[in-house]
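Participant: One structure is given below, represented as structure tokens, and several questions about it will come after.
The values are calculated or read from the model by the stated rules, or taken from the named source; none is laboratory data. What you see is a predicted model, and the numbers here were worked out from it, not measured in a lab. Cβ atoms come from the backbone with ideal geometry, glycine included; neighbour counts cover every protein chain shown. These area figures cover heavy atoms from the full protein model, side chains too; ligands, DNA and RNA do not enter into them. Shrake-Rupley method; radii C 1.70, N 1.55, O 1.52, S 1.80 Å.
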Amino acid sequence: MQYTQPTSSHNKTKPSQIFEQMPEKEAGMYGDKSFTAMMWSKVVTVQLVNRLGHDVLFQDVDLVWYKNPLEFFHDKTNPLHDFDILFQDDGARSLRYAPYSANTGFYYVRNNDKTKFLFRSLLYLGDMVLSMTSHQQALGALLDEHSSLTGLRVKTLSGLDFPGGYHYHRKKEIEPMRDIVEGRHVPYIFHMSWTTNKKNKLLFLKQMGLWYTNTLCENGGGVGAAKISKEESTMESSCCSAEPLVSCHYSDKPSVKECKDSPKARSIDAKGKPFWK
């Protein structure tokens, strides 16, 4: 099956402005220049692997597995097995992310002609990604177009089994989050999306019991931290904990242990109510 490649209409953008260099530090907040610059690498990594003939599971680094999601995607008896591309539900219901509300921080791509054409099209729209400050909106627009143009089958996954920041921060989702922290429901993954910056992501992951990096390596120490460790060790033994490193930070955010004595996250959620009663 052959498709004709469309061209971008954003031709006033200079080539040197389209992701010539990657930032060396994390973004200060969603949508800033560092955040936008990183979007290109997220497009290229998926496109290359897909082009080589492989299925792809893409995920952001602020995501933790409870169960192996590949078993879900590889299960041929799964009713969703025939979909070409499957996304975590972003939770946003604005026109910007319509109609699929696809979160591009966690998605699975099956290798076929339809998905190859989709990601080749996205690769050529770097200026569109730049102007929108995120590839999520650009890819969302292409999903809508390609579902009609090529019959691409797109699926948005259940928030109960693939929850993220939308479920963590929105009060109407508090009971599903309570089921998770109290062990009544085990999702496949948790994605700490819908969060302003790295600092807050770490605090939320820690009180959710989803943080396994020792303090020595927490701020980018990595290999360097292992080398200066007092005992001979690998980066794994120096940096990684076998058990979650749980700490309380906010009383009005979901946590695996009671954080009643912690302050409220007023700068993040002015109307927050205590998670533990």
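Participant: At a 1.4 Å probe radius, which order do Met132, Met192, Met38 fall into by accessible area, largest first? It would help to have the intermediate numbers written out before the result.
Facilitator: Working: Met132 45, Met192 0, Met38 75 Å².
Putting Met132, Met192, Met38 in descending order of accessible area: Met38, Met132, Met192.
Participant: Then there is this: Using only the Cα atoms of region 51-170, build the gyration tensor, take square roots of its eigenvalues as a ≥ b ≥ c, and label the shape rounded, prolate or oblate: rounded if a/c is under 1.5, else prolate if a/b is larger than b/c, else oblate.
Facilitator: Oblate.
Participant: Between Trp276 and Lys199, 0.36 nm times their residue separation minus their Cα-Cα distance comes to what?
Facilitator: Extra length from Trp276 to Lys199 when fully extended: 25.4 nm.
Participant: Next question, about the same structure. Can you give me the Cα centroid spacing of region 165-184 and region 78-126 in angstrom?
Facilitator: 25 Å
Participant: With contacts defined as alpha carbon pairs under 8 Å and 6 or more residues apart, what's the relative contact order of region 87-232 in percent?
Facilitator: Relative contact order, region 87-232: 22 percent.
Participant: From the square roots a ≥ b ≥ c of the eigenvalues of the alpha-carbon gyration tensor of region 32-86, which class results: rounded (a/c under 1.5), prolate (a/b over b/c), or oblate?
Facilitator: Taking the square roots of the gyration eigenvalues as a ≥ b ≥ c, region 32-86 is oblate.
Participant: At Ser237 and His81, where each label point lies 7 Å from the Cα along Cα→Cβ, what is the point-to-point distance in nanometres?
Facilitator: 4.3 nm
Participant: Under unit Cβ charges (Lys, Arg +1; Asp, Glu -1), what dipole magnitude, rounded to 20 debye, does region 70-167 have relative to its Cα centre?
Facilitator: For this selection, approximately 140 debye.
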